[in-house]
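The structure appears right after this line, and notes come after that.
The values are calculated or read from the model by the stated rules, or taken from the named source; none is laboratory data. Given the structure is predicted, the values throughout are model-derived calculations rather than measurements. Glycine also receives a Cβ, built like all others from the backbone with ideal geometry; neighbour counts cover every protein chain displayed. Surface accessibility is based on the protein's heavy atoms, side chains included, excluding ligands, DNA and RNA. Shrake-Rupley method; radii C 1.70, N 1.55, O 1.52, S 1.80 Å.
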Amino acid sequence: MRRFLTKLSVFAVLNAAFACAFLAAFDRPEGFHEWNTHSRLLLIEHDKDYEAVILGSSRANLMSGLEETHAAVEAALGGPVVNLASFGGGVTPNLVFLRHFYARGNRTERIVYLLDPFALSSHHWNHGRVRLGIEPFRLSVALDLLRNGFPPGRVWDYFQTKFQLSWLRKGPVAIWPPPRAIPEDRSQAVQERLDVLYDRAPIDDATFEQYGEKLGEVLALAAQHNSKIVIVRPPTLLGKVPGSARLDRLLERYRDAYEFAYYDWSAVFDDEDLFFDLDHLNPSGIERFCTKYLSRIAAEGAEPSD
Amino acid sequence: MLFNSLEFVVFFPCVAFLYFAIPPRFRWVLLLAASYIFYMAWQPAYILLLLASTIVDYAAARLMESKATQAERRPFLYLSLCANLGLLFSFKYFNFFSSTIEDLLNALGFEYAAPDSHLLLPVGISFYTFQTLGYAIDVYRGRQKPERHLGVFALYVAFFPQLVAGPIERAGSLLPQLRACHDFDYDRVTHGLRLILWGMVKKVVIADRLAPAVNAIYGAPENFDGPALALATVFFAFQIYCDFSAYTDIAIGTAEVFGVRLMRNFRQPYFAASIADFWRRWHISLSTWFRDYVYISLGGNRVSVPRWYINLAVVFVVSGLWHGANWTFVVWGGLHGLFMIASHVIGRTFSPQRPSGENRGRRVVRQSVRVLGTFVLVTLSWIFFRAASLNEALYILAHLFDGWSDLLTHEGRAAVLQIRGLTQFDFAVGAVGIGVLLVVDAIVERDPGADVARWPVAIRWLLYSVALWSIVFLGIFGEKEFIYFAF
């Protein structure tokens, strides 16, 4: 058996070396920004200072979907910004990306988390939707994903996709999606959108509590690295969404342990011309949001407020 | 738990490590516990069915032990038959027969709505019930002494490498191995791991790569012309071969690590020169099971010729039905029976005299024609195996030769490759994979003793690395079950 284990170890080491060499050779392309890649890990530099890190779902991601909208966000927040919000991003992927951000020696004045209740409402948004195939492979991130409950199959996909043509051929892509029309009968469209966001089911207490704890980890991580935290309910045409009161109660619980500012701007816009669908701002909406609301964060120094 | 899953990649080494670490007298306990954990990874409650089958056949065999004559043993054999076939009928065939009776009565003008069973088909039920039935029949016939150790017998029923998709083992072969002590053997373990690696390549690189195109075309055959239908059918022929033989290779390789030799289940089936030869090479454990327990019991070929043909037809129809509760499987099995009978009739009627001293070239050509002809017949019959209904199968068969002239144009050729689920890359990988498979099979067909173990170590390691990295680069993952899990 010793002979077998020795040979197996040598074989494993040789192939691991090949894997590392291959991953390194196809790993760190240049020229990616928030507006030309869906990847978030590709945006994370090393030992850099930022004014803000944006977290959230696609609603936050698209704030930097065009070069000019990202510039508007940076202007509003008063300095360099990195947007780590991802499509399909529940709390868990945001936590993993933020942890990697700090692990790379980066610093940020504040975390601006554009948070919605649906991000804490299902495993689907926390483990199922985030696109790991577009992210460069980082062993620390893979291990963090496993620690945070990602299925092993998804973590294997994260690894395997680095050896596939779609990754090897990747280049900058425009991420701004085509606009969707907002129907005249908004009520049915709202219900359909809520069905998608909440998996056609009421919010499960245990699931909300589970991902509420992940939110607490985000707050703790930011505090540990001396970053101020700002939680924002971004504008939406969906009205008062399920879980809003539950989220408010959760944030109240966390006020004892962590200092953070909270802005509920979910109802500040009702003009359809500012949206490209029911819950994503278009470039005009982003510009207005940045100048009228986001700029208050930097101006008010992120003091706790309503 | 699937063989091509990360759970198994963790499960198997852990079990193997513990197996060689613990005292030999406890190894059957470890393997039995591991087998139950393996099975319960699907549907925990269905372990009760496995336990029920185990206890019934253990008891039936023990009760037969004290009986001197077959007549005295018969009631206990019937107990085993009723229990095992009853399980199969309840979970697998109830809805099929129920709806058939309903259709028949409705066609005769009677109003009848048959009851529906909503029981989920337990994974592996067709395999383990046949394995335990075979055991009971062998005990009844006096060919097998009943196993007295309940734990070892339970392991015989539930041994995880072959539990859910075979090979269907004979008690005389497997029980002694499960009782024996197997020390770590370098050659045996490395051979087992090589089989596992090759099985994984066949499953995730070839079979699962071919599947989307087959599913797209067989899912809506009315949207496709002859070339696409033919492509899907040929792809399916290799998909099912790679899928099923992959499972078998992984099963045999896994068992071999533990020192247990399972029977070979495939022997280069697409190199068969006749239908009879095909069934000596395809799913060998099932075909020999039907031969020994059904065909011979009916009299085999030691009867009149018409009765012999009936025996063949019955065995193949029942074999088709074993695969699934659908008329398509019955027709598939029946077709093979028909081919067997026809080949015998033709052979008796037209026995060609081969000239003595026939040159090698002509022999090769003749053999190639026979192999190709057999492949065509087998592949055409796969249409019934794969189609969702008889109507669909007949549609595909009827339109197989439509639109071939379109292939003469660039647009026509491009249209074949624009099938949803089939990119040019998939087509290339699938085609190369089939080519590699046929080359490997051809090598083994020519030299059954060919063994990679005898090659220089650098070449061997390069080959293993290529296989491993082909799985990483080209493997399709994501809950892709093996086809035979559905039987």
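Here are some notes:
- Any hit, segment B:374-390, residues being of a type in the set (A, V, I, L, M), within 24 Å of the chain's Cα centre (by Cα), outside any helix (DSSP H, G or I) and more than 14 Å from chain A (Cβ to nearest Cβ): yes
- Positions within segment A:253-263 being part of a helix (DSSP H, G or I) and farther than 22 Å from A:Y293 by Cβ, in sequence order: A:R253, A:Y254
- Looking at B:L77, B:L49, B:L88, just one residue is of a type in the set (A, V, I, L, M, F, W, C) and either modelled with pLDDT of 90 or more or surrounded by fewer than 13 Cβ atoms within 10 Å (Cβ to Cβ) (or both), and that residue is B:L77.
- Annotation: B:A458 fulfils all but one of (1) in contact with a Lys or Arg (Cβ under 9 Å, 6 or more places away or on another chain); (2) more than 28 Å from A:L165 (Cβ to Cβ); the unmet one is (1).
- Unmet criterion (only one of (1) within 14 Å of chain B (Cβ to nearest Cβ); (2) open to solvent by 20 Å² or more (accessible area, probe 1.4 Å); (3) small (G, A, S)) for A:A142: (2)
- When A:S86 is tested against (1) surrounded by fewer than 24 Cβ atoms within 10 Å (Cβ to Cβ); (2) within 20 Å of A:T37 (Cα to Cα), only condition (1) is not met.
- Subset of segment B:223-269 (residues that are over 22 Å from B:I383 (Cβ atoms), assigned to a helix (DSSP H, G or I), open to solvent by 20 Å² or more (accessible area, probe 1.4 Å) and in contact (Cβ under 8 Å) with a residue 60 or more places away in the chain): B:I252
- Qualifying residue in segment B:414-426 (condition: modelled with pLDDT of 90 or more and open to solvent by 50 Å² or more (accessible area, probe 1.4 Å)): no
- The listed residue being over 28 Å from B:H344 (Cβ atoms) and away from every other protein chain (no Cβ under 14 Å), out of B:A230, B:A237, B:A276: B:A230
- Helices (runs of 4 or more DSSP H) wholly inside segment A:126-172 containing at least 3 residues that are modelled with pLDDT of 90 or more: A:139-147, A:152-160
- Output for segment A:160-187, where each listed residue is more than 14 Å from chain B (Cβ to nearest Cβ) and surrounded by 10 or more Cβ atoms within 10 Å (Cβ to Cβ): A:K170, A:P172, A:V173, A:A174, A:I175, A:W176, A:P177, A:P179, A:R180, A:I182, A:P183, A:R186
Residues checked against (1) touching a residue at least 60 places away in the same chain (Cβ under 8 Å); (2) within 14 Å of chain B (Cβ to nearest Cβ):
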position: A:L8; (1), (2): no, yes
position: A:A24; (1), (2): no, no
position: A:L98; (1), (2): yes, no
position: A:Y102; (1), (2): yes, no
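- If you filter segment A:48-77 down to residues that are touching a Pro at 6+ places or on another chain (Cβ under 6 Å) and hydroxyl-bearing (S, T, Y), you find that the one that is most open to solvent (accessible area, probe 1.4 Å) is A:Y50.
- Of everything in segment A:173-212 that is among the small types (G, A, S) and assigned to a helix (DSSP H, G or I), the residue that is nearest to A:D248 (Cα to Cα) is A:G212.
- Which listed residue, of B:Y186, B:Y218, is more than 14 Å from chain A (Cβ to nearest Cβ), more than 16 Å from the chain's Cα centre (by Cα) and either aromatic (F, W, Y) or under 30 Å from B:A136 (Cα atoms) (or both): B:Y218
- Only one entry in A:R147, A:R110, A:R131, A:R99 is open to solvent by less than 40 Å² (accessible area, probe 1.4 Å), basic (K, R) and either within 17 Å of the chain's Cα centre (by Cα) or more than 27 Å from A:D49 (Cα to Cα) (or both), namely A:R110.
- Residue ID - nearest to the chain's Cα centre (by Cα), chosen from residues in segment B:164-179 that are in contact (Cβ under 8 Å) with a residue 40 or more places away in the chain and open to solvent by 40 Å² or more (accessible area, probe 1.4 Å): B:R170
- B:D183 meets all of the listed conditions (1) in a helix (DSSP H, G or I); (2) under 29 Å from B:P13 (Cβ atoms) but one, namely (1).
- Residues being part of a loop (DSSP other than H, G, I, E, B) and under 19 Å from B:D249 (Cα atoms) - total across segment B:431-472: 5
- Test: residue in segment A:31-47 that is open to solvent by less than 70 Å² (accessible area, probe 1.4 Å) and within 14 Å of chain B (Cβ to nearest Cβ): no
- Residue list for segment B:443-465, restricted to those being within 11 Å of chain A (Cβ to nearest Cβ) and of a type outside the set (K, R): B:V457, B:W461, B:L462, B:Y464, B:S465
- Just one residue in the set B:R291, B:R280 is under 22 Å from B:I443 (Cα atoms) and open to solvent by 10 Å² or more (accessible area, probe 1.4 Å); that residue is B:R280.
- Exactly one residue among A:L294, A:L221, A:L215, A:L247 is in contact with a Pro (Cβ under 8 Å, 6 or more places away or on another chain) and not in a strand (DSSP E or B), and that residue is A:L247.
- Any hit, segment A:194-202, residues being of a type in the set (K, R) and open to solvent by less than 70 Å² (accessible area, probe 1.4 Å): no
- Considering segment B:13-45, and only residues there that are in contact (Cβ under 8 Å) with a residue 12 or more places away in the chain, in a helix (DSSP H, G or I) and within 14 Å of another protein chain (Cβ to nearest Cβ), the residue that is most open to solvent (accessible area, probe 1.4 Å) turns out to be B:L18.
- Qualifying positions in segment A:81-123 - farther than 19 Å from A:N148 by Cβ and not in a helix (DSSP H, G or I): A:V81, A:V82, A:N83, A:G105, A:N106, A:R107, A:T108, A:E109, A:R110, A:V112, A:L114, A:D116
- Residue match in segment A:66-80 (condition: out of contact with any strand residue (DSSP E or B) (no Cβ under 9 Å at 6 or more places or on another chain) and not in a helix (DSSP H, G or I)): yes
- Condition met for B:I196 (open to solvent by less than 50 Å² (accessible area, probe 1.4 Å), within 14 Å of chain A (Cβ to nearest Cβ), β-branched (V, I, T) and within 17 Å of B:N265 (Cβ to Cβ)): yes
- The number of residues in segment B:102-128 that are exposed (fewer than 13 other Cβ atoms within 10 Å of the Cβ), of a type in the set (A, V, I, L, M, F, W, C) and assigned to a helix (DSSP H, G or I) comes to 2.
- Filter result for A:I229 (open to solvent by less than 50 Å² (accessible area, probe 1.4 Å) and assigned to a loop (DSSP other than H, G, I, E, B)): no
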